[in-house]
Amino acid sequence: MQLPVAPATELVVAPVTITPTKPLTPTHVKGLLWTDVLVKASAQTGGVRLVWNNRMATVTTQATAFWHHLELTEPHTDWSRESETAIGERYVRFHGEHRTADREAVGVRLAHADRDGWIHPAGLRMLRLWQAQLDLLGVGGLGLTTDRPLATTAGAMLDTLADRGLLLDHRRYGGPVHLDGPRWGLPLRQLVGADGHPNYLLPILRELIPMIGPRRRFLLIHDDGITADYLLLERVLAEFGARTARLSLSRVPVGGTARSSRYGGWRGSTLGDLSAVSGSADRAAYRLGMRLYFVGTLHRRSAQPFRMGLLRRCVGRAARLLDRAAARDADPNRWNAADPPARLRAPHGYVDPYRLTASLLGRPGVPPAPEITAIYT
Amino acid sequence: MSTARSVRPTDADVLAAAARARVRAVRAGLAGGDHPAPRELTAVVVVEDIDPAAFVAGTASFALALEPGSRAGWYRAFTRTVFLAGRPGSVVGRHPHRRLAPGGGLAWYGPATRRELSALSRLLRTFQGPFPIDVPPGPLAVRVPGRPSGHRVEMTVATGGVRSDAYLVHVHHLVAEAVLRGLVGPGDAVRVEHRDVLAPQDFRAALDPGRATTVQTRISRDGTDPDRLRLYGVLISNRDRGGH
């Protein structure tokens, strides 16, 4: 007798995209490393696809209004030589000044970013700096600088949402377009402003809704400051038949605050800074140590502030773990203490990165098996 | 000049006098309106779609159905109303409305205290409508729900340069106050005319304080020139029950 074969499903992992306008902060690093461990570990149990498209971040007024401001104020700056901190500080100043943007000029740049993938040279510079840091961290292969046209146009997506009755569209009165959250008891949420410019939610919908299919499950990863938006996104995707789950991660406070990076206050703790202080540790120990800290000690709701001392200890511990693993692998009578299949259980359709990583920390005498080491280095 | 003014008041004088008369009337309260009422009553209108005729009919029937305590309290609060963007059909399950306009594009809540309305306010967002309202050509015939009363009401409303959100505010005050004062009743036939501009000289008689018992006006700061008063609406009833 032949048993029916369950249809293969693909886990679509969609983390919130980061605008290349500022350095990567501990909150970003936590999200990236949780995503990285989750994707690599879950790939050992089933099909996984990461959705990352820079245009989900660049086709936003948050990015284009800033870049338009740079065009006006610094037309002659050679951005290829600027540091991430210098660009990031301009971004913080820009958001602190509450200037009113030139609606039309921002609209032209939004269209340019949407259609042609336009990114201001300061943004390209930031992406290049990120790429080097992400390569060192071992997440460079995830495709975090991928850029392609969004899967469907803004107009087509608004029509699709309207056909399902999910919009409150007041454009005929010169007003905004809202997502009808109240139908699910959630607040009304603006999608397109009265100025005609969409916010960051529309590119996400443009990219994800066309991906919905019977064999796919979606995992949305976001920081907990935007949980309300993601609860709504989850409802909208479900309305189109998607099976979804959410992974909400707490921000990592730096200097006593857990605010969004557009407020600054991240000096000394950017990923660039962290790469520089990895010290004498080799690349593998840095990669494992960063994961032990950001994934294994900072759990998903952790309110712990960023602690450089603890990170350094994690990197030291990683070096010792890797030394022991190397010694064991060289030993012809090695015993395989780790049990990768058991650790890689995925009760919610994905491997829990915190549990997997904490299990490495919990048994310091036992070096990780090669399959596990491969995920972390 | 001062002599000329005393002989023939300017438009600004006429509008200022009518606006002051309205404030005095509201402060005096409704006739027989000694009911204890909570202070600071606010109504909420949830706006999905603006159909001017349905809006006038809905406003009138909402105000007519209020119990005496709410009528007096809301009148004293200058019929304060907040317009929130929302779909009545999506809200009604958790927040049952008091009135729904014909067509279902507008729903009324309250009047109630801000605290009582806060859950609804948090769910929705302030209605924004910078464009002028699109009104059909020619006057609208609106029937206030109820058995035909034989009474007639003439309404004239300004639309030139008036934002949609401001239109809602002006018409709502005009109709609601007229209802509370007894100028509009169940079954009345209301003729609504939209004009670009209401010139005060065309409404001199209606603006005369002596006619106030049968007339409701809406005068407010000009949306484009806040130093000027502008006439946004005039409502003339053939019911002679208006009193202060």
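State whether one or more residues within the stretch B:45-58 are at pLDDT below 95, surrounded by 17 or more Cβ atoms within 10 Å (Cβ to Cβ) and more than 14 Å from every other protein chain (Cβ to nearest Cβ). No, the stretch B:45-58 contains no residue that is at pLDDT below 95, surrounded by 17 or more Cβ atoms within 10 Å (Cβ to Cβ) and more than 14 Å from every other protein chain (Cβ to nearest Cβ).
Here B:Thr113 meets each of (1) closer than 27 Å to A:Leu188 by Cβ; (2) at pLDDT 95 or above with one exception, condition (2). Would you check if B:Arg122 is assigned to a helix (DSSP H, G or I) and exposed (fewer than 15 other Cβ atoms within 10 Å of the Cβ)? It is true that B:Arg122 is assigned to a helix (DSSP H, G or I) and exposed (fewer than 15 other Cβ atoms within 10 Å of the Cβ).
When the stretch A:70-82 is filtered for residues that are surrounded by fewer than 13 Cβ atoms within 10 Å (Cβ to Cβ) and within 27 Å of the chain's Cα centre (by Cα), the ones remaining, listed by number, are A:Ser80, A:Arg81. Checking each residue of the stretch A:63-84 against the condition of being assigned to a loop (DSSP other than H, G, I, E, B) and of a type in the set (A, V, I, L, M) gives no match. Residues that are outside any helix (DSSP H, G or I), surrounded by fewer than 18 Cβ atoms within 10 Å (Cβ to Cβ), outside the structural domain of A:Thr227 (by TED's automatic domain parsing) and modelled with pLDDT of 90 or more do not occur anywhere in the stretch A:326-342. Can you spot a residue in the stretch A:161-178 that is more than 14 Å from every other protein chain (Cβ to nearest Cβ) and more than 30 Å from A:Glu82 (Cα to Cα)? Yes, because at least one residue in the stretch A:161-178 is more than 14 Å from every other protein chain (Cβ to nearest Cβ) and more than 30 Å from A:Glu82 (Cα to Cα). All told, A:Gly225 meets the bar of being more than 13 Å from every other protein chain (Cβ to nearest Cβ) and not in a loop (DSSP other than H, G, I, E, B). Please work out if A:Glu234 is modelled with pLDDT of 95 or more, crowded, with 22+ Cβ neighbours inside 10 Å, more than 14 Å from chain B (Cβ to nearest Cβ) and not in a strand (DSSP E or B). Criteria not met by A:Glu234.
Entry remark, the stretch B:42-92: residues being touching a residue at least 24 places away in the same chain (Cβ under 8 Å) and assigned to a loop (DSSP other than H, G, I, E, B) number 12 in total.
Here B:Val184, B:Val175, B:Val190, B:Val162 are screened, and the one residue that is buried (at least 16 other Cβ atoms within 10 Å of the Cβ), closer than 30 Å to B:Asp13 by Cβ and within 14 Å of chain A (Cβ to nearest Cβ) is B:Val162. For the condition away from chain A (no Cβ under 14 Å) and in contact with a Gly (Cβ under 8 Å, 6 or more places away or on another chain), B:Ala112 does not qualify.
Can you name the residue in the stretch B:136-157 that is crowded, with 18+ Cβ neighbours inside 10 Å and in a loop (DSSP other than H, G, I, E, B) and, of all such residues, is farthest from the other protein chains (Cβ to nearest Cβ)? Ranking the qualifying residues of the stretch B:136-157, first place goes to B:His151.
The listed residues are A:Gly107, A:Gly141, and the only one of them that is within 24 Å of the chain's Cα centre (by Cα) and small (Gly, Ala, Ser) turns out to be A:Gly141. Of everything listed in (1) closer than 27 Å to B:Leu235 by Cα; (2) touching a residue at least 12 places away in the same chain (Cβ under 8 Å); (3) within 13 Å of chain A (Cβ to nearest Cβ), the single unmet condition for B:Leu120 is (1).
Evaluated against (1) more than 30 Å from A:Gly165 (Cα to Cα); (2) within 12 Å of chain A (Cβ to nearest Cβ), B:Thr126 falls short on exactly one condition, (1).
The values are calculated or read from the model by the stated rules, or taken from the named source; none is laboratory data. It should be emphasised that the depicted structure is a prediction, and the values quoted were computed from it without experimental measurement. Reconstructed Cβ throughout: ideal geometry from the backbone, glycine too, with neighbour counts over all protein chains shown.
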